[in-house]
2 protein chains.
Amino acid sequence: MRDALVASAFQLFLERGYEQTTVDDIVALAGVGRRSFFRYFPSKEDVVFPDHERCLADMTAFLATSEESAEPVARVCDAARLVLLMYAENPSFSVQRYRLTKQVPGLRAYELSVVWRYERELAAYLRGRFADRSDGSLRADVIASAVVAAHNNALRSWLRSDGQGDASAPVDRALGYVQAAFGAAPLPMATATVTPLDQPDDVVVVVSRRGAPLWRVVQEIETTLGRE
Amino acid sequence: MRDALVASAFQLFLERGYEQTTVDDIVALAGVGRRSFFRYFPSKEDVVFPDHERCLADMTAFLATSEESAEPVARVCDAARLVLLMYAENPSFSVQRYRLTKQVPGLRAYELSVVWRYERELAAYLRGRFADRSDGSLRADVIASAVVAAHNNALRSWLRSDGQGDASAPVDRALGYVQAAFGAAPLPMATATVTPLDQPDDVVVVVSRRGAPLWRVVQEIETTLGRE
C-alpha cells in the first residue's frame, strides 16, 4: 500500500503539479483512506522522500557497528554511499523527484533538512572518533560537510544526466577527493601519495604516514614532479 | 522603525515564546501598522534574521570585486568572515537568536536555507575561479561547504559561550584548517608547509607549489619530523 501511495502521488504531481495535488487526490487515486496515507507519511512532503528515514536508520546502524580500526574518513565516505545506493535503486523515480524538488521551494527546504540530518549523523560518528583531539569537533563538522557536498555534487550530475550510466564511479571520484584532503593513507604500512595538479602554479600535496621512510617520500615527489 | 520592530519582536519572543507571538502583537508593541511590518519583513521568520539579506548582498559584492590574483580559498574564507562580523556587531542579540533558533524547528529550517544561500554564493565564485578544471564544480562545492562548516563550528562555540570574548580568533583557526586542506600556499614564491598531527599513526601533509625547490620541501619535512 505504501508503494501504491507513492506511485499515485508521483503520477498526480507530474500531471497536475505538486502544489495542485492534495492528499485527498492521492488517496482517491490509490483507492485507500486518508488514515492509511498518514499512517505511512506524516505530510504530503514526506511522500516525495519515502526512503530517507530508512536510509538514515541504515546509516546510523552502519556507523554504530564500525570497527575501532576503521579509518574514520573512509568510514563516513562508505556511509555516504548508502544514500547513493538508495537513489540508484530506482533511477527513474530519483530523476523525477530531482526535477520536482528543483521546482517546488517547499520541497527544496525539506531536502535541505534531510541533508542536514545525514550530515549530523556523519559528524556525530567523527566527533566520537576524534574525541581525544582538541579540534575534534571542528574536524568532524568540516569533514562531514565536505563528504556530503562531494557525494551530492556527483549525485546531482548523475540526476541531471537523467540517471544514465553508473553513478558509483563519479561518487567514488568525488569522495576520493575528500579522502585525499582529510583521510589518512589507506595502507597500514608507510606510504606516500603525491597528487600533481594541472595548473601552471599548481601545488603538490604529499600525504604520508609519519613512519614513512624519508627516502620514499622524496622518491614519490621526484617521480611525480618528473625531476629524477 | 525597522530596528524598533526587531526589538519589539524579540521582546515578545522572549516573554511569550516565538509561536505564541503574532505579527499583530509585534506591531502593537512597536506602535506601527501591519503594513509597516510587511514593508520590512516578508514574514514573521524574517524578523528573526533581519540582517542576512544585507550580509548576502555584501558577500556577493565582495566576491564580485575580487582580484584575479586572489587565492580562491583565502578569498572565500574572507567572504565567510563577513557573516561573523554581522554576528559580532551585536553579541547579545546574536546569542538570543541562537537560543530561539534552537527551540523552534521552523526557524532552524529557515536558518538552513540561509546557510545554503551563503554556501551557494561561495561555490559560485569558486566555480568561476576553477572553470578551467574538469573537477572545478566538485572542488567548488566541497570547499564552499567546508568553509561554511568551519565558520559555523567556531561561530556556534562562541554563541554557546554567550558571545563572550573575541570570536574572530577561533573563526580564523577554523578557517585555517580548511585553508591548510585545500588552499594553495599563501606566498607567491616556492614554499612548503608541514603539519604534523598528534596521533600515534599520524600523517604529515605537505603542501608545496610545484615550483618549490625539492631540497626545501625535504628540509621542511625533516625539520617537522625531527629527523635532521
> Simple spin-label model, 7 Å along Cα-to-Cβ: A:D132 to B:A4 in nm?
Replying inline: 6.0
>> Show me, for segment A:174-183, the HN-Hα J-couplings you get by feeding each phi into the Karplus relation (A = 6.51, B = -1.76, C = 1.60, θ = phi - 60°), rounded to Hz, glycine and proline as x.
In response: 5, 5, x, 4, 5, 5, 5, 7, 10, x
>> Can you tell me how segment A:118-185 classifies by the Cα gyration tensor, rounded, prolate or oblate, using a/c under 1.5 as the rounded cut?
In response: prolate
> Using a simple spin-label model with points 7 Å from Cα along the Cα→Cβ vector, what separation in nm is obtained for B:A28 and B:D58?
Replying inline: 3.5
> Taking neighbour counts of Cβ atoms within 10 Å as a proxy for exposure, in what order, fewest first, do B:V76, A:V115, B:V83 appear?
Replying inline: A:V115, B:V83, B:V76
> Summing +1 for each Lys or Arg and -1 for each Asp or Glu, what net charge is found among the other residues whose Cβ lies under 12 Å from the Cβ of B:V104?
Replying inline: +2
> Say R0 is 25 Å: what FRET efficiency, to the nearest 0.05, do B:S161 and B:V114 get from their beta-carbon distance?
Replying inline: 0.65
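Just so you know, all these numbers are worked out from the coordinates, no wet-lab data involved. Predicted model only: the values in this text are computed from it and were never measured. Using ideal geometry, Cβ is built from the backbone for each residue, glycine included, and neighbour counts are taken over all protein chains shown.
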